[in-house]
Structure formats: C-alpha cells, structure tokens
There are 2 protein chains.
Amino acid sequence: MLRTFTCGELTEKNVGQKARLYGWVDSVRDHGGLTFIDLRDRYGKTQIVASADFQAAIHRGELKTEDCVQIEGQVALRPKGTENPKLVTGKVEVTKANIVGGPKSAFHSASSPLPFEIAKSRETNEELRMEYRFLDLRNPVVQKNILTRHRIYQIIRRTLDKHGFIEVETPILTKSTPEGARDYLVPSRLNQGEFYALPQSPQLFKQILMVSGLDRYFQIAKCFRDEDLRADRQPEFTQLDMEMSFIEENDLFLVVEELLKEITKEVMGHELKTPFVRMTYREAMARYGSDKPDLRFGLPIEEISEIVKNSEFKIFKDAAAKTNGIVAGICLPQGASISRKEIEGLTEAAKKEGALGLAYFKVEDGKLDSPIAKFFDAAAQSKIIKKFGASPGDLILLAADERAKALKVLGGLRHPIAQWKNLVSEREFNFCWVLDFPLFKWNEEEKRWDSEHHPFTSPNFEDWKKYKPANELGKIRSRAYDLVLNGNEIASGSIRIHKKELQQEIFETIGLDKEETDKRFGFLLKAFQFGAPPHGGIALGIDRVITILLGLDSIREVIAFPKNQKAVCPMTGAPSPINERQLKELGIKIR
Amino acid sequence: MLRTFTCGELTEKNVGQKARLYGWVDSVRDHGGLTFIDLRDRYGKTQIVASADFQAAIHRGELKTEDCVQIEGQVALRPKGTENPKLVTGKVEVTKANIVGGPKSAFHSASSPLPFEIAKSRETNEELRMEYRFLDLRNPVVQKNILTRHRIYQIIRRTLDKHGFIEVETPILTKSTPEGARDYLVPSRLNQGEFYALPQSPQLFKQILMVSGLDRYFQIAKCFRDEDLRADRQPEFTQLDMEMSFIEENDLFLVVEELLKEITKEVMGHELKTPFVRMTYREAMARYGSDKPDLRFGLPIEEISEIVKNSEFKIFKDAAAKTNGIVAGICLPQGASISRKEIEGLTEAAKKEGALGLAYFKVEDGKLDSPIAKFFDAAAQSKIIKKFGASPGDLILLAADERAKALKVLGGLRHPIAQWKNLVSEREFNFCWVLDFPLFKWNEEEKRWDSEHHPFTSPNFEDWKKYKPANELGKIRSRAYDLVLNGNEIASGSIRIHKKELQQEIFETIGLDKEETDKRFGFLLKAFQFGAPPHGGIALGIDRVITILLGLDSIREVIAFPKNQKAVCPMTGAPSPINERQLKELGIKIR
C-alpha cells in the first residue's frame, strides 16, 4: 500500500504505530534543532518530524513546498504544550520520518517554483488561477467548494430517488431547443451540411419522457448557451432538471422544498422553514417591485395614490391621476437620520432604475418633514403615516411614475437600502415561490407577443377562456413559477401544455407558423397525439444555488474547470484552431 | 390531487375506498355485460369496471387504447375466481368507474391510432421504434431497462461515495483529447476560426484532478467519438470514469469488484464471487487466444509444438520448427460425434480468423482417430491425449501457424463451439481482469510504435529499464488492465505516468514531437511539474455493461434516445440544416 493513513486521521490512538503517509509539503520549518514538515492531503494535515538524514537532505535543499512525497515514520505524541487543538491530528506527529527511499526516490515528485502561494490562490488574479487551476484546487478553501458540490449532488439524487424520480440521460448531440438563446452547433461529418445542437435544456426530452409514462424524471443536466458572456455566465452550465406527470403545482413544490431542506440541513446544518412563502407575480411586483423579491428584509412598497391624488404637489397629483400611474414608497424604519449625501446616493440608485428623482418624508410625531411636506395637509400626512405603519424617526422614500416604472425604481432601492442599513444576514436562506406569471409579454421591437417563460407553459385556463377570445393577451396568467432565493431566481418551471391543439394555438399566438413549429417541435406535437398526461416540472440552476448557499461571489468558484469571460479555458487553451483535414472531413470552411 | 393511487398499489386493504387513478388504457374488453379496462402506469396495472354511463360512452367509441385518462371509482374485491395472481392489484378492481368529468373532459387525452402495438414494440422495425420512441418506452419491458439503468446509477454513486470518491463534472466544451478517434468539433463564435472538441473521455481532466489533490474522483461521463458507426456504437456514450491517487492496481480492483458485486446483487439478486480471476495478457493470449477471454466455459488452448515437431506431418513439423510458429489446439469434451457438416462449419469459422484449414483428432481409448493420425506414432498420440487431459469421445481441434495467428484462430473457435455445445449459461456473469498489456504495439502501416492503450499509461518499470535502452520496445509490459465480462471488454484502465520526463520520453517514443505534445498535452505536462502524485484509474463502458447484465442485444435498448447507424435521431430528426445567419455568426461556410 502506498499509504497506510491519510493526513487527516492520526490521533493518540495511533501512537507507537508505523505510519506511511503520502501528500504535499504544505510547509517546512526549523525549530529547536528539529525540522518540521506539515504534510497535506485532501483529508487534513499531519506534522512530520524529519529524521536526522532527512533533515540533512532538507538542509541541502532537497525538499520544497508542494513536493508530493511518501513519508514513513513513527506516530508519537507531540511534546506537552505544542499540541494544535485546531487539527484532528493536532495531538500527534510522525517522528523519525523520511521519504521512502530517500529524497529524489520514485516516491518524491518535486515541484517547480509556484506561480502563487497555494493558501492564497484566491487572492491571485483570476486568469492566473484558472491557468493553474490544478494548483488553485489544492487550496483547501477552493477544494471544499468542489467537495460540497459533490455532497449536494448525492443528497439530490438520494432524495429524488426516494420520491420515485428516475434519472434519465437525454442526448447532448441533439436538435436545436427553443430557449431563445443561441445554440452551440456541431457539424455532422456523416450528414454533411447538417448540424447537431447542444441542448439549451432538456425541455422537450423531459416532456417526451412524460408522454412515455416515466412519470417522474430528473437529471443533473449539462446545458449550453452561446451567449455574449455577461458577468457570471458560463457557456456550459448545470441544471437540476425535473418533470412529473399527474401533478399540480403543489405536488412539485413539496418535493423541491424537501430537497432544499435536506441540502441546507446536511451541508450547512441550517434548518429551513417549509412551506416556503408563496406569492403571485402581481403581488411580488406590487409589494417588492421585483419578480425575484429578497425577503430577508421587509421594506415593502405601499401605494399612496389615493391619498395624494388631490394634493397640491403636481408631480404626485399627475402621476396618481394617470390610468397607469402610481405614487408609492418604501418606509425605512429609523431612517430619518439620513444624511444629505446618503439621500443623494439613493437618488442616484433610483435614477439608475429609471427615476427622474426621489422624494422623501422624514416621519415626526404625527406629521411629515420634507421640502415637499407643505403640499400635503395634516389629514393626508396622517393617512400616509398610517399607510406605512411608520413611527417617528422613520424615512419614507417615494416614487411617482407609470406603475411599472415606479415599482421598478422602488424595488431597485430595496437592496441598496438593506445593505446600507445592514438588514441582510449573510447566512440566511430565504426562499419564496413566485406564481401566476403572465403567459405572454409584449415584444415592442417586433410588435408581437412572446412567451414570458417558454411556449410549453400552460395558461391559467380561466384566464385563457376569458381573455383569449377578447384578445386581451396581457391579462392571461400562466401556470409558471419561479423559485427565488435571497432575491435571486434559482429555479423556473411550469405546468405544461399537454394537448396538441392548445400547443398549436399558443405557437400561432406568438407568431410561429406551422411550417416552423413542425420543423422545430414536430416530434413533441406528434407525441401529444398519443395520450399525453398532464405534467409539469422545473429546472434549478445548480451552479448558482451552490454559489449562493456557500456565500461565494461567482459560479466559477463551484465549477471545477470554468471558462473565462471570453468562453476560453485558460488551462487547456480551448477553443483552438483545427487543421485543414478536419475542416474538410466536416465539409465546412472558415470564412 | 390528480391521483390518489398509482395503478400498481391497490390491494384488499383498500377495498371500500374511493380511488382516483391516472394512466393509460392498456386494453378494453366486454365480458358478461360489463366493460373492463386495464389501466396502466409505470407502477402496474389495475382493472377498472366501467359505470353504466362510461360503458355507454365506450360503446359509442369514446375510449381507445393508449388514451390517457383520470379514472375515479370505488375499490372492490374481484368476484371469486376472477383474481389475477400475477398482479399486485390482482385481487381488486375499481368499480362504478368513470373518467373524471366524463369522456372528452380535460382529464382525457385521446390517442390517435398507434403505429405499433405497445406491448409488441420490440418486434417492430427499429427505425419506426426509434421514431416513436415515446410509445416504445411505454412498453413495460422497454421501460424496465431505463428504470434499471437508473437503479444501477444510484448504486454506483452510493458505493463510490462511501469509498470517498468525489463526483466532479469535467467540461464538455473542451480541447481535443488523445483517444485516437475523430473528435466532434464545435465552432466558437466568440473566437472565430477556433473550435472546441467534445471529449472522447475526461482522461486528462481526471489526471489533472489527481494533481489537484482530489485523491478519488468519479463521474458518469458523456463521451463522444465521431466514428463511422459499426454495429452497436453510438456517437455519444456514457462511461463510468474513475481515478485514484496513491494507489496500485489492487486498490482499484477492490473498489471496482465491490461496485459490480453491489450492482449484480441488488439489481439481479446474483451473488458475484470476488476477487475476480486475474490473468496476464500473455496468459490470456496463450490459453484463450484473446485478450478478452470468455471464461464461462473452459476450452483452453494447449500447445503441442514440442510433441509434434519431429512428427511426419509436414504442416505441423514446419510450424513447430519456426521460431515464431506453434501447433496448438482445443479439446472439446465428448465432441468426437461431430458430423462432417459440423467440422466444415468450424473450418469455415477458423478460416474467417485467418486459418488455412483445421486439423482434428477424435480421441479413442489411448489413441487418436483422424485422417492425419497416421503421421503420429503411439507415443506422440499418447502425449497429445495427456496434454489435453482428453478422454475417449473427445475432439481435439488443431491449428498450426505463426503463434499469434494460430492462437487467434483457436481463440475465435471457442465461442462458436461453446454456443454449439450449449456451454454458455446466459445468466452467468464471469468477470476477469487482464493485466500486463504490452506498452507499445507496432504500427506496420506507419512504421512506428504506437501506445497499446494510450500514452499516459505507465510502463512496468523493470521492463522499461531493461528493454528501453535495448530498444526492444515490444517486450515492455505496461501497467494497463482491462476488465472482461463474458468475453467483452467492459472497462479499461491503467496506472498512469506522473512524472514529466517519463511522459515526454513516451511521447518521443511514439513519434510525437515536442511542438505537437506541447500543443495538445502541454497543460498536463505543466501540471506534472508541480508535485504530481502517483495515480491510476479506469473507465467502464456503462451502456455495454448494462446491456450485458440485462441480457440484451444492443446498447440502444438501454439508452433513452439512441441514434441510428447514420448517427441520426429518427425521433427529432437531428442533425438538421441550419440557416445562413447561424453559419455567418459562427464564421463558417458549408463546402
């Protein structure tokens, strides 16, 4: 055996035993005439005391940090007072130790000088980290993310297996899927001039599996989008893909909630409260100005249009008078001590969200103080205070505009305010479901209706019956839902359409003609002809969920071999040029 | 809830309860004035007795096979004598049943006429099955393969997790890997003129993970090879990919053996004997004429060159006299009753393997009977009988040729003989390890040495030290191993090289120049400079293993959405043409 123990397991129980360890030299130090080595592997660190021979070799420069060595020695108690209580192995050391066969033996892989210090790899510039990802991953802090990802994967599969979900691999070489982004394409050598697409999601395949009677499907699926990479996107990413037959929304929610409960409990010892908060899209927009509200803090939006519509303040009066206008605000408890500079900062934030400016009231005992307070009589001031449930010392921030715009401005202020006022507890995980998304959204550029989620989303049937014939498409709610964690959309799903006629009607409504839909989705429409079950599902962005749960800044931290913003892998150099023979075989040319 | 029970769970305990089921109409039949429906889902079948209303609707033609319907009724005992002991639900039926809301309601998805009968889908031509894979997968026999695959996946992960293996996803959009086959390539839009390759295996990434200190890695990995598809190959396939640090061959074998033991036990209730037989490549070739010997039956090869070298039979004498020649045979117990026609059949099989003909002896009491027996004196005949341990009534088949050729011929006869004589028990799983493969093989076409496995395979160090300087490359054994199941290679692996200098020496030996290796494998060589641990691993062909374990004919049976021999998916039509805009964006043209 090349090792009899890992570097994380020797304790007092092993004192007196011979031990053979294999790992990396974390540090070497001389102390009191002795030479100590911290030997490191995935499991921990063990203190090694070099034998006289080994010490001499070390002094000759024959051992360096990050050399990988097989060490043999005798387990002994550390001298009193030199124990390290932070380490499992902190009470013992391996004494009289040497590399098996001596330095430079076959059991010694020497290291060249390092491009960065392993323990500080996260402080290095990211391009260098990625180029030397094999060293970066030796950093226990970085390695832990990959180990945690593994742990989460096992919990996911165990939980879903328990609930009767079947793991099915769907193809990677497939047909263009309709998620709206650009496909990665693969030229076919055997069918020249034709291309496979890498899947943007297994959406159609999982629906097909429901038609097949598989009932409950999941897959930790690689998905691909050829996008211009914005911050924190990757060309390939992973989603937990699920689909269930014979269900309604709640059946799925229960499974997902249990899954996340298991993960947070087992991985971070955190007891999640279930069921998660559920709110409609309309409510989320009205209360939080966002379809992904961060509920770790309050700061709800209150509308005061009715109160101010007859006031003397023209901006408010005008906004409240418009059919689609609104005056609304957020109350910040004990925010009245805000400085002019802080007000300016918030005003800047509001302008970024599209506001012209930001009005505010400081709440005093039964009245409001503000440059614009004079426009509102005592009764109005009192009503406003009551509406917000405000107390003296609070600050009310106000926007007046077209409804959607004003809500967006106020919603956009919630997070900066929460950060400024330290309302966010970093280790809190606040999940909520947002339901009843609109089925369609108006595409102003192309002057047509698009699907808000995707065209396989089932409408709310009452709305469909009522508003479709009236052509009031914007009023039709869908059976789509998102799962939101701390203000981030982490999962998105829906109850699907499972009848061919309705599916075709939806395609027509969003302007896809029959030829187009037959070409792209013909096989799904065909499948729907043979007794399709009602079904629904969800896709959870695994990279992002793990990133948020671990409190990290970037999904690149939880991906073993990420690509940079140019979709390049700095370690391997992919993508790279290919030769003329390969191009010829594929029947393509470079332009 | 859309269903309160599945179609596989109602028993006597539920008698008297209301039940709501949702599934497919497996059959409809009238009997004794009543109409019975077998309703089917993934979990089983339940007998439904239609209410009067429903019966009338059925008689009007409002229900067809494979309609998907929600049925509500009352659980009752079947009348005495009509129970079906083969079904879990066979003692009960759901009576007074109707579709919720009646036929044609929202809870009724009607089916068009079927292209084939579901239960007989496996008898349909395969192209049609694949086009209608969603119906084929409704066949419980077909569905079971996918369910079993799921079960095997969970056992794999559970077992490897228990042994400290970490599941890591390696990239799909990556750099060309060196497995010798053609890569699937993906044009990069953001880096025009450059291409990603889809991985033929995660070989280099898993080695990099070992350099990273991850220690034990696994992945159920999608791999891709753009080959001209021979029988039973797929453009994308799945391998269980494993790698371990600080190990020797046996450490890995123990894990793999336990894994397969768990799988066969849990999935087929079969108790596997471990450790598996281990034999060297040389032994496998000498005894079985194959590096993937089927050990479910005996029929070993015995060499009789020494005995016949002085005989009067010229063919044997000449072959035995050559440095590289051999006379050898297989003894078939009680095969002497072979007919002339059967002899001719075996001779044909031998010719296919490259033999000029096939000699044979029928074993009689202490002597041999054959047209060529006269060339061998009594002593030689006796020695031959002894060599084979033959008994009267046995048949000895003989080949005389160049060693490799003769062994191949005899090895190739073992399987047809075993089938003809019914020596193979279909439900036996006979695993064996084949070790010590040659490191290099001579490439006659290119007049150079190639790696027998791949260039990352470690040589046997003693051989390397001895034969490399002498330039006797053919004699160097490697530390590569294959796992063989019933005569099929199902896994292949090796202890790897982990030092840069040796890796470069290997590259040179197989004729790769420095520029080439730096371009293709530079990142691995770079990683090896920073203290690489000794490591080794294996890759197991999941599709094939499951196919063999389930006793199926084709890997397409265990893949949810397989492609045909033209690498086309008959269901989706992938690959397909793309439009000019897409080509332009990718910076490529069709030739």
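The values are calculated or read from the model by the stated rules, or taken from the named source; none is laboratory data. Quantities reported herein were computed from a predicted structural model and do not represent experimental measurements. Please note: Cβ atoms are built from the backbone with ideal geometry, for glycine as well, and neighbour counts cover all protein chains shown.
Among the listed residues B:A359, B:A355, B:A349, B:A380, which satisfies the condition of being within 21 Å of B:K314 (Cα to Cα), in the same structural domain as B:I396 (by TED's automatic domain parsing) and modelled with pLDDT under 90?
On the way: B:A359 fails: modelled with pLDDT under 90; B:A349 fails: within 21 Å of B:K314 (Cα to Cα); B:A380 fails: modelled with pLDDT under 90.
The conditions single out B:A355.
Please give the helices (runs of 4 or more DSSP H) falling wholly within the range A:302-405 in which 3 or more residues are surrounded by fewer than 22 Cβ atoms within 10 Å (Cβ to Cβ), free of Cβ contacts under 8 Å to residues at least 24 places away in the same chain and out of contact with any Gly (no Cβ under 9 Å at 6 or more places or on another chain). Can you show your working first?
Numbers: elements: A:305-308, A:314-321, A:340-352, A:378-388.
Helices (runs of 4 or more DSSP H) meeting the threshold: A:314-321, A:340-352.
From the list A:I490, A:I476, pick out the single residue that is closer than 20 Å to A:E283 by Cα, surrounded by 15 or more Cβ atoms within 10 Å (Cβ to Cβ) and over 23 Å from the mean Cα position of the chain (by Cα). Outline the logic, then answer.
On the way: A:I490 fails: over 23 Å from the mean Cα position of the chain (by Cα).
Among A:I490, A:I476, only A:I476 is closer than 20 Å to A:E283 by Cα, surrounded by 15 or more Cβ atoms within 10 Å (Cβ to Cβ) and over 23 Å from the mean Cα position of the chain (by Cα).
What residue, of A:L254, A:L190, is more than 7 Å from every other protein chain (Cβ to nearest Cβ) and surrounded by fewer than 24 Cβ atoms within 10 Å (Cβ to Cβ)? Spell out the reasoning first.
Numbers: A:L190 fails: more than 7 Å from every other protein chain (Cβ to nearest Cβ).
Exactly one residue qualifies, and that residue is A:L254.
A:K261 versus (1) within 13 Å of chain B (Cβ to nearest Cβ); (2) part of a helix (DSSP H, G or I): which is the lone unmet condition?
Single failed check for A:K261: (1).
So A:L586 passes all but one of these: (1) within 11 Å of chain B (Cβ to nearest Cβ); (2) surrounded by fewer than 22 Cβ atoms within 10 Å (Cβ to Cβ). Which condition number does it fail?
(2)
Is there a residue in the range A:203-214 that is at the interface with chain B (Cβ under 7 Å from one of its Cβ atoms) and either aromatic (F, W, Y) or surrounded by fewer than 21 Cβ atoms within 10 Å (Cβ to Cβ) (or both)?
There is at least one residue in the range A:203-214 that is at the interface with chain B (Cβ under 7 Å from one of its Cβ atoms) and either aromatic (F, W, Y) or surrounded by fewer than 21 Cβ atoms within 10 Å (Cβ to Cβ) (or both).
Among the residues of the range B:131-172, which ones are of a type in the set (S, T, N, Q), at the interface with chain A (Cβ under 8 Å from one of its Cβ atoms) and over 21 Å from the mean Cα position of the chain (by Cα)? Quick ask: steps written out before the conclusion?
Residues of the range B:131-172 that are of a type in the set (S, T, N, Q), as a first pass: B:139, B:143, B:145, B:148, B:154, B:159, B:170.
Filter once more, so that each one left must be at the interface with chain A (Cβ under 8 Å from one of its Cβ atoms): B:143, B:154, B:170.
The answer is B:T170, and nothing else.
Within the range A:278-287, can one find any residue that is touching an Asp or Glu at 6+ places or on another chain (Cβ under 7 Å), at pLDDT 95 or above and not in a helix (DSSP H, G or I)?
Yes: one or more hits.
Being under 18 Å from B:R78 (Cα atoms) and within 14 Å of chain A (Cβ to nearest Cβ): is that true of B:G44 here? Before you say what the answer is, go through the steps one by one.
Working: under 18 Å from B:R78 (Cα atoms): yes; within 14 Å of chain A (Cβ to nearest Cβ): yes.
Spelling it out, B:G44 is indeed under 18 Å from B:R78 (Cα atoms) and within 14 Å of chain A (Cβ to nearest Cβ).
State all residues of the range B:327-342 that are at pLDDT 90 or above and hydrophobic (A, V, I, L, M, F, W, C); if no residue qualifies, say none.
Correct list: B:V327, B:A328, B:I330, B:C331, B:L332, B:A336.
Within the range A:439-459, is there a residue that is part of a helix (DSSP H, G or I) and in contact with a helix residue (DSSP H, G or I) (Cβ under 8 Å, 6 or more places away or on another chain)? If you could, list the steps in order and put the result at the bottom.
The initial filter retains those residues of the range A:439-459 that are part of a helix (DSSP H, G or I), namely none.
Within the range A:439-459 (the criterion being part of a helix (DSSP H, G or I) and in contact with a helix residue (DSSP H, G or I) (Cβ under 8 Å, 6 or more places away or on another chain)), the answer is no, since none of the residues qualifies.
Of a type in the set (K, R), farther than 25 Å from B:I247 by Cα and in contact with a strand residue (DSSP E or B) (Cβ under 8 Å, 6 or more places away or on another chain) - does that describe any residue in the range A:67-82?
Step one: of the range A:67-82, the residues of a type in the set (K, R) are A:78, A:80.
Now drop any that are not farther than 25 Å from B:I247 by Cα, which leaves A:78, A:80.
From the residues that got through so far, the ones that are in contact with a strand residue (DSSP E or B) (Cβ under 8 Å, 6 or more places away or on another chain) too are A:78.
Yes, the range A:67-82 contains a residue that is of a type in the set (K, R), farther than 25 Å from B:I247 by Cα and in contact with a strand residue (DSSP E or B) (Cβ under 8 Å, 6 or more places away or on another chain).
So is B:T89 within 14 Å of chain A (Cβ to nearest Cβ) and among the hydroxyl-bearing types (S, T, Y) or not? So that I can check it myself, show each step before the final result.
Working: within 14 Å of chain A (Cβ to nearest Cβ): no; among the hydroxyl-bearing types (S, T, Y): yes.
For B:T89, the condition - within 14 Å of chain A (Cβ to nearest Cβ) and among the hydroxyl-bearing types (S, T, Y) - is not met.
Yes/no matrix, rows are residues, columns are (1) aliphatic (A, V, I, L, M); (2) assigned by TED's automatic domain parsing to the domain that holds A:N139; (3) buried (at least 20 other Cβ atoms within 10 Å of the Cβ):
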{"position": "A:W24", "(1), (2), (3)": "no, no, yes"}
{"position": "A:R29", "(1), (2), (3)": "no, no, no"}
{"position": "A:L34", "(1), (2), (3)": "yes, no, no"}
{"position": "A:Q47", "(1), (2), (3)": "no, no, yes"}
{"position": "A:A50", "(1), (2), (3)": "yes, no, yes"}
{"position": "A:D53", "(1), (2), (3)": "no, no, no"}
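Among B:V75, B:V94, which is buried (at least 17 other Cβ atoms within 10 Å of the Cβ), more than 30 Å from A:Q503 (Cβ to Cβ) and in contact with a helix residue (DSSP H, G or I) (Cβ under 7 Å, 6 or more places away or on another chain)? Walk me through it before giving the result.
Details: B:V94 fails: in contact with a helix residue (DSSP H, G or I) (Cβ under 7 Å, 6 or more places away or on another chain).
The unique qualifying residue is B:V75.
From the list B:V75, B:V28, B:V49, which one is among the β-branched types (V, I, T), away from chain A (no Cβ under 13 Å) and either part of a loop (DSSP other than H, G, I, E, B) or closer than 17 Å to B:I118 by Cα (or both)? Spell out how you get there, then give the answer.
On the way: B:V75 fails: either part of a loop (DSSP other than H, G, I, E, B) or closer than 17 Å to B:I118 by Cα (or both); B:V49 fails: either part of a loop (DSSP other than H, G, I, E, B) or closer than 17 Å to B:I118 by Cα (or both).
The conditions single out B:V28.
Return the only residue of A:A560, A:A539, A:A574, A:A532 being modelled with pLDDT of 95 or more, surrounded by 20 or more Cβ atoms within 10 Å (Cβ to Cβ), within 17 Å of the chain's Cα centre (by Cα) and within 7 Å of chain B (Cβ to nearest Cβ).
Working: A:A539 fails: within 7 Å of chain B (Cβ to nearest Cβ); A:A574 fails: within 17 Å of the chain's Cα centre (by Cα); A:A532 fails: within 17 Å of the chain's Cα centre (by Cα).
One residue alone meets the criteria, A:A560.
With respect to A:A418, is the statement that it is closer than 30 Å to A:L332 by Cα, more than 23 Å from the chain's Cα centre (by Cα) and touching a residue at least 60 places away in the same chain (Cβ under 8 Å) true? Break it down into steps so the answer makes sense when it comes.
Working: closer than 30 Å to A:L332 by Cα: yes; more than 23 Å from the chain's Cα centre (by Cα): no; touching a residue at least 60 places away in the same chain (Cβ under 8 Å): yes.
It is false that A:A418 is closer than 30 Å to A:L332 by Cα, more than 23 Å from the chain's Cα centre (by Cα) and touching a residue at least 60 places away in the same chain (Cβ under 8 Å).
Name the residue that is farthest from B:N443 (Cα to Cα), counting only residues in the range B:497-529 that are in contact with a Lys or Arg (Cβ under 7 Å, 6 or more places away or on another chain) and within 14 Å of chain A (Cβ to nearest Cβ).
Filtering the range B:497-529 for residues that are in contact with a Lys or Arg (Cβ under 7 Å, 6 or more places away or on another chain) and within 14 Å of chain A (Cβ to nearest Cβ), the one farthest from B:N443 (Cα to Cα) comes out as B:Q529.
Just for the range A:577-591: of the residues that are among the basic types (K, R) and in contact with a Leu (Cβ under 9 Å, 6 or more places away or on another chain), which one is modelled with the lowest pLDDT? Walk me through it before giving the result.
Narrowing the range A:577-591 to residues among the basic types (K, R): A:581, A:584, A:589, A:591.
Narrowing the set further to residues that are in contact with a Leu (Cβ under 9 Å, 6 or more places away or on another chain) leaves A:589, A:591.
Details: A:K589: 93, A:R591: 88.
Top of the filtered list is A:R591.
Check B:Q47 against each of (1) free of Cβ contacts under 8 Å to residues at least 24 places away in the same chain; (2) touching a Lys or Arg at 6+ places or on another chain (Cβ under 8 Å) and name the one condition it does not meet.
If we test B:Q47 against (1) free of Cβ contacts under 8 Å to residues at least 24 places away in the same chain; (2) touching a Lys or Arg at 6+ places or on another chain (Cβ under 8 Å), just (1) comes out false.
Would you be able to say whether some residue in the range B:272-282 is touching a His at 6+ places or on another chain (Cβ under 6 Å), on the phi < 0 side of the Ramachandran plot and either buried (at least 22 other Cβ atoms within 10 Å of the Cβ) or not hydrophobic (A, V, I, L, M, F, W, C) (or both)?
no
Return the residue satisfying two criteria in turn: it lies in the range B:106-125 and is among the small types (G, A, S) and under 16 Å from B:V141 (Cβ atoms), and of such residues it is farthest from the chain's Cα centre (by Cα).
Residues of the range B:106-125 that are among the small types (G, A, S), as a first pass: B:106, B:109-112, B:119, B:121.
Still in the list and also under 16 Å from B:V141 (Cβ atoms): B:119, B:121.
Numbers: B:A119: 25, B:S121: 23 Å.
By that ranking, first place goes to B:A119.
Checking B:L423 against (1) surrounded by 18 or more Cβ atoms within 10 Å (Cβ to Cβ); (2) touching a residue at least 40 places away in the same chain (Cβ under 8 Å), which test does it fail?
(1)
Evaluate the following for A:Q143: is it crowded, with 18+ Cβ neighbours inside 10 Å, within 30 Å of B:D41 (Cα to Cα) and modelled with pLDDT of 95 or more?
Working: crowded, with 18+ Cβ neighbours inside 10 Å: yes; within 30 Å of B:D41 (Cα to Cα): no; modelled with pLDDT of 95 or more: yes.
Considered against the rule, which asks whether it is crowded, with 18+ Cβ neighbours inside 10 Å, within 30 Å of B:D41 (Cα to Cα) and modelled with pLDDT of 95 or more, A:Q143 comes out as no.
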